[in-house]
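I have placed the structure first, in the form of structure tokens, so that the comments after it can refer back to it.
Just so you know, all these numbers are worked out from the coordinates, no wet-lab data involved. Note that the coordinates shown come from a computational prediction; the quantities given were computed from them, not determined experimentally. Using ideal geometry, Cβ is built from the backbone for each residue, glycine included, and neighbour counts are taken over all protein chains shown.
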Amino acid sequence: MAAVVLSLISILIWSTLAVLGSRMGHLPPFLSVGIALVAGGLVGLVRVRDWRVPLGTLAIGIGGIFGYHALLFAAFRFAPAVEVNLLQYLWPLLIVVLSPVYLRGCRLTVHHVAGSLLGLAGAALVLSGGQLTLQTVNLPGYLLALGAALTWSSYSLLTKRVRPFPTGAVGGFCLASGLLSLALFALDTAATGVPMPTLTGKDWAFLILLGLGPMGAAFYTWDAALKRGDSRVIGALAYLTPLLSTLNLVLWGGRRLSAVSLGAMVLIVLGAVMGSLDLFRRRPGASEALSG
């Protein structure tokens with residue numbers, strides 16, 4: 001049950017990303033991502049000794065966190081935001097269906113797959129508002145978004161397969177990923193000649209909040225959840241993220257809650273419950289975690 005609590009904490013924190021990120025829309029994405037990830041990494045300096053991990057583990061950590069954000073923001077350049085968000089939110093489904101591929105002894109049942117598909121349908125509704133148009137001209141953006149989903153799901157599962165490492169090492173992953181993002185921003189700025197934007201005090205405040213929350217603490221609790229729990233259950237629960245994100249936008253961002261959104265919430269909750277049935281019928285003595 002600890003894994004469920006930790007994953008729900010991650011989901012709650014990630015649900016604030018849209019509200020905080022909407023305040024950063026005027027800044028270049030790799031600049032804001034870079035600063036936020038560096039802030040999230042610096043928080044982990046209190047456990048800097050945990051940053052000493054094998055090179056393979058370090059590559060998975062940086063590849064997951066940096067690779068996901070790099071592919072996602074590249075996708076936004078080539079395709080509309082609604083379609084990109086929908087496709088990148090395939091990562092919870094991919095965590096479920098790829099679990100047997102990455103993790104030994106892990107098998108899928110009907111309720112795992114059904115729960116993930118219900119969650120995907122709900123996420124599609126809540127992100128698109130019931131209106132979605134996929135056009136071939138945006139194919140490069142779609143492929144990049146799918147790459148982002150595959151990257152994050154693979155990172156999440158591979159952290160369960162490699163030799164166990166302390167969650168504090170995530171701080172090193174974040175810091176390295178943030179520095180790479182800032183390097184990309186510097187290269188892009190030099191190539192295009194666009195001047196460096198001026199950051200206000202409010203900008204810095206929101207960037208630090210991003211780094212402390214959805215691009216910092218959430219990565220630590222997510223890693224801790226995956227180490228302790230069943231990836232199939234956690235993947236099903238992850239579809240609560242777009243639902244809670246939409247509610248936050250309604251509460252704090254001035255958006256309205258439509259009938260489509262309400263229907264989507266029902267689908268997501270049903271999917272999360274169905275995908276988590278193992279929690280309610282686990283045999284005595286059965287292990288909660290399936291590790292490789």
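Taking label positions 7 Å along the Cα-Cβ direction at both Ala2 and Val266, the computed distance is 3.8 nm, reported to one decimal.
What shape does region 87-215 have by the C-alpha gyration tensor, where a ≥ b ≥ c are the square roots of the eigenvalues, rounded means a/c under 1.5, and otherwise prolate means a/b greater than b/c and oblate the rest?
Oblate shape, in that a/c is at least 1.5 and b/c is the bigger or equal ratio.
For region 35-150, the relative contact order is 42 percent, taking Cα pairs closer than 8 Å that sit 6 or more residues apart in sequence and dividing their mean separation by the residue count.
With the convex hull drawn over the C-alpha atoms of the chain, the volume per residue is 134 Å³. Dipole magnitude for the chain: about 660 debye, using +1 per Lys or Arg Cβ and -1 per Asp or Glu Cβ, origin at the Cα centre. Rounded to whole Å, the principal axis extents of the Cα atoms in region 202-252 read 40, 24, 9, largest first.
Our estimate of slack between Leu179 and Val43, defined as 0.36 nm per intervening residue step minus the Cα-Cα distance, is 47.5 nm. Please report how far the C-alpha centroid of region 1-53 lies from that of region 72-129, rounded to the nearest whole angstrom. Region 1-53 and region 72-129 have Cα centres separated by 20 Å.
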